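The values are calculated or read from the model by the stated rules, or taken from the named source; none is laboratory data. It should be emphasised that the depicted structure is a prediction, and the values quoted were computed from it without experimental measurement. Virtual Cβ from ideal backbone geometry, glycine too; neighbours counted across all protein chains shown. Heads up: the accessible areas ignore ligands, DNA and RNA and are worked out on the full protein's heavy atoms, side chains in. Shrake-Rupley method; radii C 1.70, N 1.55, O 1.52, S 1.80 Å.
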Amino acid sequence: IDRAIEWSVEGGVGYLAVFRLLQSASGSEMSHMVYPNLAEVEGFSRDLNYTGVIAEGWDDPLNLAFLTLLALCLACGLPGSSFHAWWALLNAAIIHPMDLIVGTLGRGPKYLSDEYAVMDTRYWPLDDPAISCISYVEVIFMVPLCYFWYKAIVQGKWYRHYCALQVSTLQIMGCIIYMYAEWHQGFRHLPAPDWPSMSFDSRLKLKYFWLIFVGCNLVWVVIPLYVMVYTFTELRALGQGKEKRH
């Protein structure tokens with residue numbers, strides 16, 4: 001098997017040939033092209049059919065990052081009934097930091113880090129450079145932008161429209177890059193080994209590919225598009241109001 005892997009990498013045969021060799025040798029259930037038996041990866045705490053231990057990893061010190069960001073946001077004011085404020089709060093305190101802490105670093109709640117690994121092995125199992133870059137960009141740029149956007153909404157600051165457009169543009173761009181990169185590689189890092197047929201014949205594909213990878217990622221395209229349209233509508237109304245006063 002070791003010789004076959006070395007020959008496959010050097011000869012350019014690719015991941016699929018290696019995957020089939022490993023599967024036939026180990027008898028493991030097919031799940032990912034890159035990791036045919038993800039349950040054997042160091043740091044993975046359950047097999048693919050086990051729901052995981054919910055309580056593990058909640059004492060990780062990095063979990064304080066989520067509480068700190070949440071407290072910083074709420075110190076600016078409460079979101080009230082504003083959908084945009086809730087959306088900015090969710091992204092600033094949970095979504096963007098979670099992709100780095102839980103997804104790329106494999107820290108925090110163990111159940112969630114395992115979910116990231118099953119959904120896409122480009123996260124902490126492979127530590128893919130492109131995914132790591134996106135995750136760090138989320139924390140370095142997106143978290144502050146979402147924080148200032150939230151603050152601008154709840155405090156009625158003039159720059160709320162600027163933040164809304166910046167955040168939405170970057171979210172759409174990041175989501176497209178993330179999904180396109182995996183599509184370009186034949187979805188080899190996802191529970192989708194029968195691409196391009198992509199049927200609904202397993203729980204792995206239904207939950208992790210269709211529901212999470214496709215469905216959840218599209219949320220970060222649809223909602224930012226809505227925010228952009230809403231923001232441009234508000235800006236146009238403001239501009240028309242100023243013209244009438246003049």
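A few notes on this one:
- Available extension along the chain between Ala130 and Met173 is 14.1 nm, counting 0.36 nm per residue and deducting the alpha carbon span.
- Probe 1.4 Å - accessible area at Phe66, Å² to nearest ten: 40
- Charge context of Cys163, other residues only, Cβ under 14 angstrom, K/R +1, D/E -1: +2
- Under the simplified labelling scheme, the Asn217-Phe66 pair shows an inter-label distance of 2.3 nm, with each label point 7 Å from Cα along Cα→Cβ.
- Where Arg203, Arg107, Arg188 fall by accessible area, highest first, once all protein chains stay in place (1.4 Å): Arg203, Arg107, Arg188
- For the range 79-92, the Karplus equation 6.51 cos²θ - 1.76 cosθ + 1.60, evaluated at θ = phi - 60°, returns couplings of x, x, 9, 7, 4, 4, 5, 4, 5, 5, 5, 4, 6, 6 Hz by residue, with Gly and Pro reported as x.
- Label separation (Trp183 vs Arg203): 2.9 nm, computed from points 7 Å beyond Cα along the C-beta direction.
- Within the accessible area of the range 133-188, the carbon and sulfur atoms contribute 72%, probe 1.4 Å, all protein chains present.
- The local environment of Leu211, defined by Cβ-Cβ distances under 11 Å, has a net charge of +3 under the rule Lys, Arg +1 and Asp, Glu -1.
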